[in-house]
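Notes to accompany the following structure.
The values are calculated or read from the model by the stated rules, or taken from the named source; none is laboratory data. Please read these numbers as outputs of a predicted model, since none were measured by experiment. Every residue, glycine as well, gets a Cβ built from its backbone with ideal geometry; the counts of neighbours run over all protein chains shown. Surface areas here come from the heavy atoms of the whole protein model, side chains and all, with no ligands, DNA or RNA. Shrake-Rupley method; radii C 1.70, N 1.55, O 1.52, S 1.80 Å.
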Amino acid sequence: MPVQNLQIFGTRKCSETRKAERFFKERRITFHLIDIADKGPSPGELRKIAAAVGGVEALIDRGGKRYLERGLKYAAPTGARIEQALLDDPLLMRTPVVRAGGRATVGFVPDVWLEWLR
């Protein structure tokens, strides 16, 4: 089944996002890059992505510089608070987030993407 409507959520500065872009370009797979520094996912998109990756917990980058700068390490948000934090500041997301239809991944996971292409 060919992959359609592939989206990559990330930033142009993120090396993992650039690796994901290269992975799909090398295989001539068309994708749409959404730079989360400019525009984050809508609330509905975020919920769909979270459902596909096992919950909103998987989306937040707890080891990231931005997470620490915002003082979230000590607040340790969970559930709805994480969702709101990601909507308020999409740069708190682990990247890249790759989405194709009802499937999504977080991080650079070429093994999963290869399965999608079969």
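Looking at Lys25, Lys73, Lys48, can you tell me which residue is open to solvent by 50 Å² or more (accessible area, probe 1.4 Å), within 20 Å of Arg118 (Cα to Cα) and part of a helix (DSSP H, G or I)?
Going through Lys25, Lys73, Lys48 in turn, the sole match is Lys25.
Could you tell me whether any residue of region 77-99 is outside any helix (DSSP H, G or I), out of contact with any Pro (no Cβ under 8 Å at 6 or more places or on another chain), over 30 Å from Gln4 (Cα atoms) and not aromatic (Phe, Trp, Tyr)?
Yes, some residue in region 77-99 is outside any helix (DSSP H, G or I), out of contact with any Pro (no Cβ under 8 Å at 6 or more places or on another chain), over 30 Å from Gln4 (Cα atoms) and not aromatic (Phe, Trp, Tyr).
Yes or no: region 51-58 includes at least one residue that is surrounded by 21 or more Cβ atoms within 10 Å (Cβ to Cβ) and of a type outside the set (Asp, Glu).
yes
How about region 54-104: which of its residues are hydrophobic (A, V, I, L, M, F, W, C) and more than 17 Å from Thr17 (Cα to Cα)?
Listed by number, the residues that qualify are Val56, Leu68, Leu72, Ala75, Ala76, Ala80, Ile82, Ala85, Leu86, Leu87.
Failed condition for Ala37, given (1) open to solvent by less than 40 Å² (accessible area, probe 1.4 Å); (2) among the small types (Gly, Ala, Ser); (3) not in a helix (DSSP H, G or I), with all others met?
Just one mismatch for Ala37, condition (1).
Within the set of pairs 6 or more residues apart or between chains, which connect a residue that is within 14 Å of Val98 (Cα to Cα) inside region 37-53 to a residue that is loosely packed, with under 12 Cβ neighbours inside 10 Å with Cβ atoms less than 7 Å apart?
Ala52/Gly102
Cβ contacts < 9 Å: first residue under 13 Å from Val109 (Cα atoms), restricted to region 1-24; second residue surrounded by 13 or more Cβ atoms within 10 Å (Cβ to Cβ) and of a type in the set (Lys, Arg), any location; separation 6+ or different chain. Result?
Close Cβ pairs satisfying both conditions: Ile8/Arg99; Glu16/Arg94.
How many residues are free of Cβ contacts under 8 Å to residues at least 40 places away in the same chain, over 10 Å from the mean Cα position of the chain (by Cα) and open to solvent by 60 Å² or more (accessible area, probe 1.4 Å) when one looks only at region 91-111?
Of the residues in region 91-111, 1 are free of Cβ contacts under 8 Å to residues at least 40 places away in the same chain, over 10 Å from the mean Cα position of the chain (by Cα) and open to solvent by 60 Å² or more (accessible area, probe 1.4 Å).
For Gly71, work out the one condition from (1) touching a residue at least 40 places away in the same chain (Cβ under 8 Å); (2) more than 28 Å from Asp111 (Cβ to Cβ) it doesn't fulfil.
Unmet for Gly71, out of (1) touching a residue at least 40 places away in the same chain (Cβ under 8 Å); (2) more than 28 Å from Asp111 (Cβ to Cβ): (1).
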